[in-house]
1. Need one number: nm distance between label points at B:SER469 and B:VAL26, each 7 Å from Cα along Cα→Cβ, rounded to one decimal.
2. Enter the mean number of other protein chain beta carbons within 10 Å of the beta carbon of each residue in B:270-276, as an integer.
3. Using a Förster distance of 45 angstrom, determine the FRET efficiency expected from the C-beta separation of B:VAL437 and B:ILE6, and round it to 0.05.
4. Is the C-alpha gyration tensor of the protein assembly as shown telling us rounded, prolate or oblate? Criteria: a/c under 1.5 is rounded; beyond that, a/b larger than b/c is prolate, otherwise oblate.
5. Assigning unit charges at the beta carbon (Lys, Arg +1; Asp, Glu -1) and nothing else, what dipole magnitude in debye, to the nearest 20, does the protein assembly as shown show about its Cα centre?
6. Determine the gain in length on full extension of the stretch B:LEU444-B:VAL353; use 0.36 nm per residue of separation and subtract their C-alpha separation, reporting nm with one decimal.
7. At 7 Å along Cα-to-Cβ for each site, give me the label-to-label distance between A:ARG30 and B:ALA17 in nm.
8. Of B:LEU129, B:GLY357, B:VAL42, which is farthest on the positive side of the dipole of the protein assembly as shown, counting Cα position, with +1 on Lys and Arg Cβ, -1 on Asp and Glu Cβ, and the Cα centre as origin?
Amino acid sequence: MKKGTKYALMLGAVPFLTLVLALPLVNRERPIILGLPFLLFWILGWVVLTPVFLYAAYRLEKKYNPPDEGGEP
Amino acid sequence: MNAALIIIAAVVLGSVALGIRAGRRVPMNLENWTVGGRRFGVVIMWLLMAGEIYTTFTFLGASGWAYTKGAPAFYIIIYGTLAYTLSFFILPAVWRAGKRHGLHTQPDFFIKRYGSRALGVLVALIGVLSIVPYLQLQLTGLGFIVEVASNRAVSSAAAIVIAFVLTCLFVFTSGIRGAAWVAVVKDILMIAAVAVVGIGVPVMCFGSVGNMFKTLMERMPGYLAFPGGTPNLGVTWVMSTCLLTGLGFYMWPHVFGSAFSARSAETIKRNAVIMPFYQIPILLVFFVGFTALLVAPGLKNGDTAFLSLVQKTYPPWFMGFVGAAGALTAMVPASVLVLFASTLIAKNIYRTVFAPGAGEDRVIRLARIMVFVIMILALTSTFFFRKELVYLLIFGYDGVSQFFPGVVLGLFWRRATKQGVAAGLLTGVGVVIGLIVAGRDPFLGLNAGFVGLAANAAVTVLVSLSTKSASGGWE
């Protein structure tokens, strides 16, 4: 596997870990953070952070992998 | 004629005109009609994808779920995020295959990768059967929104029929470009309406969003953690449902097919990066559902929570904007659904089974006529089989999710064979139908579609390993 792809996959796994696997651990209403019940705050926080991780994955792929074939002519 | 109705009519007609114009200067061959000549950039892709994803179910259903079920509704913001993350890794490969082999649809992909027309027909059939209930759901939602928003000046049935004709018109003339342009108006209106209502309603009723949640937690402890107000939608249900719908999301024939419209694999990646931001408006829709629960408890149908609260708190002309946004929110996904269902029938079922020699112009002509046929079918069943709808829709999602192993293994595992994929697909669909019909969904706390998908993946791998692979001309 190319190095960039490996890094990208690791970053891409983050939402699956935080938004699926971790759910039993964060299934509570309190404490209230920024006015939101804890569970909703956790979910929203990771949803908003996902673009950051994906952007990092995008940059790393660009850096370590040879340029994309089939791009714009 | 009231103010709301005038606004709805003006916005909808204006958008449809924009949609019809969008296809004016392009020759309508299959390449332009179905995949927009593969020329869409990041912005238009984002608007189109968002346009398809943000359906009336998101609008009414998300607030309805928050209202009736509480925390389990949160799965709606999670699964989209998972789907976009997956799309970052899967869709660029799908796009490249599409470009290399000139693919237009999902069955095209299966036919080319596995060298089996029969498998393509099977995929097309499952796809069309899953699309029709989804289409029906959009029509039903639209009728409901327009009827309420216009203060019953237009009946639900009349609204559905009018919207159906208008949608068919811009799909017929402009194909996917029409959908994309109407999606621009729809996305802007929708986000504006949701932002105003989602923040405005809790603030007007409770002073702030935080206060609304505090009141809710005091009055109904436990409602905002799984399983919320439900007996059986616990944390394992949420986890399996998020995974299933997250994996299944891009397997919808229309969403999968839209990926081919992108200009490059790069466009798709950049689009995937920004997609999760589109989940934030759903959070605001939840706020409305929760507020409604506190100030208007006891609604017979939770899906009416959003509109009844808007009606209570905003002036009638504002209802016009919400109604227009709601109508377009149904029409855009409906247009893409009907477009792909028509292409599947014309290209992958009719041509493959009945007329293998048919030229492309015959296929596109048939596809454009099929737009009306499919809409009439959906319309008829909307009026006659209302109750079965929910079941059909559950089956639709569970059904399309079963394409996942065939797509992903097809892209990244050379050993995957047509026998493996066909056997897996039939097993998955069989398990899902069996469990739903037997009333065993959720099964041991897991979503039935997820159980089917697991069985499907196992069978696909096992059968593939014991058959000879022949991916003729794929690489």
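1. The two pseudo-label positions are separated by 3.5 nm.
2. 5
3. Step by step, r from the Cβ atoms, then E = 0.45.
4. Taking the square roots of the gyration eigenvalues as a ≥ b ≥ c, the protein assembly as shown is oblate.
5. Charge dipole of the protein assembly as shown: 1020 debye, to the nearest 20.
6. Separation in residues times 0.36 nm, less the Cα-Cα distance, equals 28.7 nm.
7. 5.8
8. B:GLY357
Each value in this text was obtained by applying a stated rule to the coordinates, not by laboratory testing. As the structure is a prediction and not an experimental result, all values here were calculated from the model. FYI the Cβ positions are ideal-geometry reconstructions off the backbone, even for glycines, and counts take in every protein chain you see.
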